[in-house]
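In what follows, a single structure is set out as structure tokens and then discussed.
Read the figures in this text as sums done on the coordinates, not as results from a lab. This is a predicted model, so every value here is computed, not measured. Virtual Cβ from ideal backbone geometry, glycine too; neighbours counted across all protein chains shown.
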Amino acid sequence: MTARIVVYSLTGVTRRLAQRLSGETGMPVSEIRCPAHAGPLGLLRAVRDAILGRVPEIEVVPPIGAAEALVVGGPAWFGRLAPPLRKLLSQARRLPPVVGVIVTRAHAGSGYRIERDLASFLGAHAPGPLVLLSHEVGQPEARGRVRDYADSLRERLTPRAANLPRPPVSPAPRRGRVPVTRRDGSG
Ligand SMILES: Cc1cc2nc3c(=O)[nH]c(=O)nc-3n(C[C@H](O)[C@H](O)[C@H](O)COP(=O)(O)O)c2cc1C
């Protein structure tokens, strides 16, 4: 079974986090594109959509295809998930199950409605999100949190996501035999 990361990113921060998670899990990344938020007036339209609670048209590139589970991601805008990600989640019934969520935001603090947004689209069992501040995403310290989240995804997906690499398992030495190393090092 395959799992895919689908991310919206206006300025590249959440995309970078998605790529780090992809590096830990082997999951391929698709992007949510939002034509209305591109170009010179795009940011104005993005702010307007966020303030008015509108969700714009989107496309996913490359398409979700045969993925059987999703990790979705995007930035916080005005305390909520950015509208293009909300648009994707509004179609959750037609999507593979969402098993993980990654979010970036510029500021720490209360007043975020991320969990509430997730519950409204995904129900009471919405996965807990990995939330990083924008400046944390490129830092080496973030690696542990991304790795922990990758581990939790692996547990959630097992045995569904066969595309997630597993830690190498060294064969147990056979009982009663001492491993022999030849002098020429050929084992
Ligand atoms: C329209 C808009 C609204 C935003 N609102 C918030 C906010 O409420 N809280 C916050 O911490 N950051 C806010 N930010 C900052 C982004 O969440 C942050 O820079 C994020 O890491 C950007 O991710 P991206 O590069 O993937 O788009 C906002 C950014 C934009 C463009």
Length released on extending from Ile51 to Arg94, taking residue separation times 0.36 nm less the Cα-Cα span: 12.8 nm
Ranked Ile32, Ile5, criterion: other C-beta atoms within 10 Å, fewest first: Ile32, Ile5
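Run the numbers on the stretch 1-105 and let me know its relative contact order in percent, using alpha-carbon pairs under 8 Å that are six or more apart.
Working: 188 pairs, mean separation 35.3, N = 105.
This gives 34 percent for the stretch 1-105.
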Inverse mean reciprocal Cα-Cα distance (Kirkwood Rh) of the stretch 26-136, Å: 14.6 Å
Total charge dipole magnitude, the stretch 74-156, about the Cα centre, Cβ charges on Lys, Arg, Asp, Glu only, Debye to nearest 20: 360 debye
Euclidean distance of C-alpha centroids, the stretch 8-37 and the stretch 51-119, integer Å: 12 Å
